[in-house]
């Protein structure tokens, strides 16, 4: 009984972390049809921003939830102005350019922080469920993921910016006819997407050690989750993170973590073969 | 596939170009020491201090007049933590630079990538890293600790400290981890215990949530963790975060080699049991003097670790062998080293074992405390008995295998 | 009567709740020329896509010269000797006129023969001066003409054209009409078209689509005069 | 694609002969060998991407498969001829199956990218987890992270004792690249190659003309994999060890970067891009001033922004501007910019 609860928590945690990992990429891809392959490095920089801020004496939650997203968002803004802006509408070129950026950021972080693994401790203690100890931080991640999804939904449904964003997701030229410069919208979107990446990296940092190459572990998962999710932002993220999180944890518990990861990847291949437009390309059409 | 069986396809002298011509006379002025280490990329926490230690040793020797009256010249290549570059630079060192000795290689994968090249080109090779043991090759000298020197004492001690017989092993999934896990199983059984489960993790696994739940289901008395690299460090964090650290004790054969105890907080690290031949916290006159020399050369000595010190020993051991042989000629140096040369340094005495080309060293049982390693007990001059059991280069000098423990 | 080369039986296509083609029974005989007309959304294009294999109908069958081609892929249908041209010009923009036509010829002929056929077709379509230009640089009418060349060079016995005259100048349309008539000597032709003037100049029998179904099928003059057709089609258009 | 095949043959033979004579005087043959091998790997992606429009994020998978196939077969057989053949066939068959699954499922661009990327990751993870003694094929231990060392290296066919190594091995590799280059040239001049370019340009049109696009893309994909497999086997012989890193994402990324920098839609571009960048990386490894990942990243970004067509096409048009009989008109410009848009559209 206790064990099944532990397994349930671990599954929810796996789903939540996939949602966090995918969110930034999904926003940028959904709105701008740009696949940001430097997404993993944005997360990595979020982690470093948190560690640096904590090292300077900032409260760890402030560092994770406010400072890291802001800093990474600003980095994203600079990247958008200098590079991405020139490549809109050229899907493959943006992928290649952001791939280059990812290498660039790895190199830059290495030069600044060195290659040694760093990290911070989890700020929430573990607690007991029956005979088992659970990492209390897992709950924090689950809560953050849920709040994040609700937040995105709320912004999209209730605010003016959300309305424009929904329009832009349907038709890129829609916003222009409403009198908003697409340039500004793209800039804002990329800022938000980067900030979300920074947030995810910051929140996940206490669980895993950080090295400049940490981003590589995230990007493949994020990429797979977003593409398999399909065109709808929230529904796509939720459904594909749900499928992959559960599949990988089932196999992790039953066999081993490696098999869990491989199962996730095989699930992705099968899913895309059966639903070439992603889950929400077939189901939940028209949802957000 | 031994050397004498090899019949190389000849290339004409014209094709061979300058690389194959006899070395120019002026090169005889210096003795060339090759170094091949990851000083960038994900393994640079290991490689950078090793590179510094190598240069420190070379500078010391040069400052004292060199070897055989000749100065040493370092030819160093950074393999960027990329296994493919190892073979490339090894060829460069042996065929183009024609160095007299090569020190380097960190992961067992990198050693195996270049060992045959060294052997083929008759270039003396020093591998100065703690590893899984069993390499039997007259061209290589390994002075790092092997499982019998380390795990054999660590396992029974940790079991005694833990006060139980059930052991859960978490090992890195490559040959170091695989072989070490088998040694652990042997030593646990020898101590009257039982390994309830062994899990292997590829080097990029960083999420141990499910594993921690599984461990609790198995409820062992002790966890032995030969985990390697930055990703695996998260296990120790997640373990502490789940509140398990004070319930089941931990021992590791690898944690701290890259100074990981300085990355973990005291709450995460304190109490973890390890065994190494060196720690910068050893309070001996030799070590304090060494740290001063290091500080004079590089400033802060906090990056120092066992692998760096082993490299330092490796260079001095080789230099002593050359002095004794009176030449840098390969076979003469090997013969001199096989007389059982001993070198004193920050970690005590390292003695070459003629039978296996490994080293007899002191081993310290230690616990992490406040981001330092606290020496609990020191075991003097432990020979590499695991390799000795399978390898005898005195009777079988043509041997060229890496033996693995059979269970 | 000539052999039936194209036939659909109770062809129906639904998208969700919308029935885009509803129980269409259609027959075309060898060397017949038929125009399909109807207002936007009448189901002409859906019908066209089902016949060419770009979409698979929900119900019903398609037969071509006796083969049941209902579930065939477009390339299988084309391999039977059916020439197809879609609504928007679809050509290889970065290749030259010659290369484009050669690729089409090569499908049915060995290389040498294809070279000869290509030269012939370029001559026939009066494309000689621009034969070495990339399609991307050509004017709309020229591109349409090249695409017709792609269709014709395979010596088809059935040609399916979706709005071939769209966006063309009067001169281009005239030339196009000539080509189509020439094709019609050996092939049955189906043309989906809006342009009434063009239809009058080319067709005898037309099939009128309305709300997914066939409204009527008759000689072009009688169709034009029919009040119901005028109502659903011409009336709306005006 | 002007000029005839025989002109290609003559030009290739002359250029190869000159390079074979000059290059070893400038760079060590050992390093040159790997540059040649990378050139072949670059060409394999250049063929399917530049001429077939198939952007494969996992070309490294076929490279690694070729290397592993060679290593495993060489340990079991003890002679290098059959392993070399297997190293070409196994990746080709694997790619044919994978390609059939993707192309018959009508997967395109991004989705194709995801699948090839994921398959590479699966192979990488699998190979990394084969350290245990239970992973054995015949006499060959898979070795996990450490890879497989100590296999029989290339020998004169039929004589396992006569190793081909050192300078001789460089000449073997260089000639192999020249032959592959000529085969690729012949393929591109053939109907199959011209049809492949047609498919790259407009898949729908080609299928409406009666070509089975799925089958043709599968065959082309498999051909590219065969070349990558050959490069992998040569690489295994060169390094005398194969490791799972051959399958890494970084390796796949590098191949794509080579093609972009060298120039897509040309045969020479990917080869030169591969050899040039690999040499730059090698040189960077000997300095410590600037992290070389940073430099590689910067190169890629700058190329995408300022020279998206790559070096070789840029040089060709520069040549035409300076020395060509007809000046580079607007026509060329228009055609190229459209080309670019299509590629990225």
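The values are calculated or read from the model by the stated rules, or taken from the named source; none is laboratory data. Owing to the predicted nature of the structure, the values given are computational and were not obtained by experimental measurement. Every residue, glycine as well, gets a Cβ built from its backbone with ideal geometry; the counts of neighbours run over all protein chains shown.
One residue stands out among those in the stretch C:89-107 that are part of a helix (DSSP H, G or I) and at the interface with chain D (Cβ under 9 Å from one of its Cβ atoms): the one that is surrounded by the most Cβ atoms within 10 Å (Cβ to Cβ), which is C:104.
Take residue C:183 and tell me if it is more than 8 Å from chain D (Cβ to nearest Cβ) and in a helix (DSSP H, G or I). In short, yes. Cβ separations smaller than 7 Å between residues 6+ apart or across chains give the following pairs from the stretch B:236-250 residues that are in the same structural domain as residue B:216 (by TED's automatic domain parsing) and more than 20 Å from residue B:165 (Cβ to Cβ) to residues that are at pLDDT below 85 and assigned to a helix (DSSP H, G or I): B:238/B:209.
Taking (1) at pLDDT 85 or above; (2) away from chain D (no Cβ under 14 Å); (3) more than 30 Å from residue B:262 (Cβ to Cβ) in turn, residue A:161 satisfies each apart from (1).
Yes/no per residue for (1) assigned to a strand (DSSP E or B); (2) surrounded by fewer than 15 Cβ atoms within 10 Å (Cβ to Cβ):
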{"position": "C:13", "(1), (2)": "yes, no"}
{"position": "C:25", "(1), (2)": "yes, yes"}
{"position": "C:39", "(1), (2)": "no, no"}
{"position": "C:71", "(1), (2)": "no, yes"}
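Based on this model, can you work out whether residue B:243 counts as assigned to a loop (DSSP other than H, G, I, E, B), surrounded by fewer than 23 Cβ atoms within 10 Å (Cβ to Cβ) and more than 10 Å from every other protein chain (Cβ to nearest Cβ)?
When the stated conditions are applied, residue B:243 does not pass them.
Among the residues of the stretch A:1-49, the ones that are in contact with a helix residue (DSSP H, G or I) (Cβ under 7 Å, 6 or more places away or on another chain) and within 14 Å of chain B (Cβ to nearest Cβ) come to 20 in all.
Each residue in the stretch A:190-201 was checked for being crowded, with 24+ Cβ neighbours inside 10 Å and either farther than 14 Å from residue A:18 by Cα or within 14 Å of chain B (Cβ to nearest Cβ) (or both), and 6 pass.
From the list D:195, D:199, D:122, D:179, which one is within 17 Å of the chain's Cα centre (by Cα) and in a helix (DSSP H, G or I)? First the steps, then the outcome.
Working: D:195 fails: within 17 Å of the chain's Cα centre (by Cα); D:199 fails: within 17 Å of the chain's Cα centre (by Cα); D:122 fails: within 17 Å of the chain's Cα centre (by Cα).
Only one candidate passes the filter, namely D:179.
Scanning the stretch A:133-148 for residues that are at the interface with another protein chain (Cβ under 10 Å from one of its Cβ atoms) and surrounded by fewer than 20 Cβ atoms within 10 Å (Cβ to Cβ) turns up just one, A:136. Taken together, the residues in the stretch D:160-171 that are assigned to a helix (DSSP H, G or I) and touching a residue at least 40 places away in the same chain (Cβ under 8 Å) amount to 5.
In the set D:38, D:68, only one residue is assigned to a helix (DSSP H, G or I), at pLDDT 95 or above and within 12 Å of another protein chain (Cβ to nearest Cβ); that residue is D:38.
Residues that are touching a residue at least 24 places away in the same chain (Cβ under 8 Å) and farther than 14 Å from residue D:177 by Cα were ranked within the stretch D:9-32; the one that is surrounded by the most Cβ atoms within 10 Å (Cβ to Cβ) is D:29. State all residues of the stretch A:118-130 that are more than 7 Å from every other protein chain (Cβ to nearest Cβ) and touching a residue at least 60 places away in the same chain (Cβ under 8 Å); if no residue qualifies, say none. Scanning the stretch A:118-130 gives A:120, A:123, A:129, A:130. If you go through the stretch D:239-257 one residue at a time, do you hit one that is in a helix (DSSP H, G or I), within 13 Å of chain A (Cβ to nearest Cβ), under 30 Å from residue D:191 (Cα atoms) and at pLDDT 90 or above? Scanning the stretch D:239-257, I find at least one residue that is in a helix (DSSP H, G or I), within 13 Å of chain A (Cβ to nearest Cβ), under 30 Å from residue D:191 (Cα atoms) and at pLDDT 90 or above, so the answer is yes.
Would you be able to say whether some residue in the stretch C:42-51 is surrounded by fewer than 22 Cβ atoms within 10 Å (Cβ to Cβ) and over 13 Å from the mean Cα position of the chain (by Cα)? The answer is no, given that none of the residues of the stretch C:42-51 is surrounded by fewer than 22 Cβ atoms within 10 Å (Cβ to Cβ) and over 13 Å from the mean Cα position of the chain (by Cα).
Would you confirm, using the coordinates I've provided, whether residue D:320 is within 14 Å of chain A (Cβ to nearest Cβ), outside any loop (DSSP other than H, G, I, E, B), at pLDDT below 85 and surrounded by fewer than 18 Cβ atoms within 10 Å (Cβ to Cβ)?
No.
The set of residues in the stretch A:57-91 being surrounded by fewer than 16 Cβ atoms within 10 Å (Cβ to Cβ) and assigned to a loop (DSSP other than H, G, I, E, B) consists of A:57, A:58, A:59, A:89. Would you be able to say whether some residue in the stretch B:77-100 is more than 23 Å from residue D:237 (Cα to Cα), more than 14 Å from chain D (Cβ to nearest Cβ) and over 18 Å from the mean Cα position of the chain (by Cα)? Within the stretch B:77-100, one or more residues are more than 23 Å from residue D:237 (Cα to Cα), more than 14 Å from chain D (Cβ to nearest Cβ) and over 18 Å from the mean Cα position of the chain (by Cα).
Of all the residues in the stretch C:108-119, those that are more than 7 Å from every other protein chain (Cβ to nearest Cβ) and free of Cβ contacts under 8 Å to residues at least 24 places away in the same chain number 8.
Scan the stretch A:245-269 for residues that are out of contact with any helix residue (DSSP H, G or I) (no Cβ under 7 Å at 6 or more places or on another chain) and facing chain B (nearest Cβ under 9 Å) and the total you get is 1. Residues in the stretch D:128-159 that are outside any strand (DSSP E or B), closer than 23 Å to residue D:84 by Cβ and more than 10 Å from chain B (Cβ to nearest Cβ): D:138, D:139, D:142, D:157, D:158.
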